[in-house]
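The values are calculated or read from the model by the stated rules, or taken from the named source; none is laboratory data. Fair warning: this is a prediction, and the values are worked out from it, not measured in the lab. FYI the Cβ positions are ideal-geometry reconstructions off the backbone, even for glycines, and counts take in every protein chain you see.
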Amino acid sequence: MKLLILSLALIASTAAFAQDGSSSAATADVSANSSSLKQSDVTSSQTKREDIDDEITNARLRASTGAKSLFSIQSFVNYNGGSIQEPLSSKRPALSPGTSTESDVKLVGQVAIKYRMTDHDNLNAGFGFGWLTPGKTGQKGQSEDPYAGYTRTFKAGGLQNVLDFTATKYTATSAVDAKMNYNLTADYQVLADIGKTKWQVGLYSAWARDAFTQNVDGQQDYLMADPFAEYAFSDKLSFRTVFNVGNFYNTQNATSTFKHDDSLQSAGLGISLTRDIYLYPNVQWAWQDIRSDKTDVAISAYINM
């Protein structure tokens, strides 16, 4: 057996020597024929890419749609904290009288591989993660909810646009316990400058559907049409507020009846550390019941590499 191995090694080394010594002309021919594919074609495909930042100038939209490179890591993290009265509590109060219920404080996020197909079209696939009551008794972390999506970013008629389609498989413990199977979401953001001022206004609209493993009369479809506004103090700092006023939902057992969800509002500061890192500390409240123990705090971050 050892002799066989030594023989094979000797043959391989002899072949390599023969190739180095006698096939330089062939190698040169192959190199000459393929150099344009290996260098100029690749370089050409990269240099032809337009800079999407010439069209999408809003810092949040840029960060939320990922980096500009061909392949990148795209991530989003959100910490849903307690109320202004008790921001470090392990419980997040319901925004009464909305449809939300009191829940545990949770750090959630998503990490994906992003592929920039064209100047404007992107594919991504990844997974979510959750950390229940971080730093508190009973804290628990897990990876959850793998997903795949398609995003198109573009400018048309002076408006900045982001169109997104996402499919998610529910694996989080809370979702599985609620008999949730998967989610389909289509959302669209459009943003306009207000003349030559530092104000921008936009609209976030979406349709989302939850599918269940069995009939539990859960919320099935959710429709959103929420206006928002931003004021840029500088390229790095802005004020942002979202009016959650156009939200409707139905249930499994009443699919033809849509109920209006109670109006909420959020406001916060957008902090653009770099083009690909954006922080957003914010608060949310219900206009019908404004109280310090019913105004929740949160912080989100887009991080791309």
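Where residues in the range 265-305 are without any contact (Cβ under 8 Å) to a residue 24 or more places away in the chain and part of a strand (DSSP E or B), which of them is surrounded by the most Cβ atoms within 10 Å (Cβ to Cβ)?
Going through the qualifying residues, I end up with LEU279.
Please state which of the following conditions GLN220 fails to meet, knowing it meets all the rest: (1) over 19 Å from ALA178 (Cβ atoms); (2) surrounded by 15 or more Cβ atoms within 10 Å (Cβ to Cβ).
All conditions are met except number (1).
Which residue pairs have Cβ atoms under 8 Å apart, sit 6 or more places apart or on different chains, and have a first residue in the range 196-216 that is assigned by TED's automatic domain parsing to the domain that holds LEU237 and a second that is at pLDDT 95 or above and exposed (fewer than 13 other Cβ atoms within 10 Å of the Cβ)?
Close Cβ pairs (under 8 Å, with a partner that is at pLDDT 95 or above and exposed (fewer than 13 other Cβ atoms within 10 Å of the Cβ)) amount to LYS198/PHE233; GLN200/ILE194; VAL201/ILE194.
Scan the range 111-130 and report the pairs whose first residue is farther than 10 Å from PHE71 by Cβ and whose second residue is part of a loop (DSSP other than H, G, I, E, B), with Cβ atoms within less than 8 Å and a gap of 6+ or a chain change.
Correct list of pairs: ASP119/ARG49; ASP119/GLU50; ASN122/THR65; ASN122/GLY66; LEU123/MET117; ASN124/GLY66; GLY128/ALA172; GLY130/ALA172.
Read through the list (1) under 21 Å from SER75 (Cα atoms); (2) in contact with a Lys or Arg (Cβ under 8 Å, 6 or more places away or on another chain), then give the number of the only condition that GLY218 fails.
It is condition (1) that GLY218 fails.
Looking at VAL77, is it surrounded by 15 or more Cβ atoms within 10 Å (Cβ to Cβ), among the hydrophobic types (A, V, I, L, M, F, W, C) and either in a loop (DSSP other than H, G, I, E, B) or on the phi < 0 side of the Ramachandran plot (or both)?
Answer is yes for this residue.
What about ASP210, is it assigned to a strand (DSSP E or B), at pLDDT 95 or above, farther than 22 Å from LYS294 by Cα and touching a Gly at 6+ places or on another chain (Cβ under 9 Å)?
In short, yes.
So, ASP119, is that one of a type in the set (D, E, K, R), closer than 22 Å to ALA186 by Cβ and in contact with a Gly (Cβ under 6 Å, 6 or more places away or on another chain) or not?
Judged against the criteria, ASP119 is not a match.
VAL111: in contact with a Ser or Thr (Cβ under 6 Å, 6 or more places away or on another chain), modelled with pLDDT of 90 or more and of a type in the set (Val, Ile, Thr), yes or no?
Yes.
Going by the conditions given, is THR133 among the hydroxyl-bearing types (Ser, Thr, Tyr) and either in contact with a Phe, Trp or Tyr (Cβ under 6 Å, 6 or more places away or on another chain) or not assigned by TED's automatic domain parsing to the domain that holds TRP207 (or both)?
Taking the combined requirement at face value, the residue does not satisfy it.
Would you point out the residue of the range 144-165, among those that are under 12 Å from PHE127 (Cα atoms) and modelled with pLDDT of 95 or more, that is surrounded by the most Cβ atoms within 10 Å (Cβ to Cβ)?
Per the stated criteria, the residue is ASP145.
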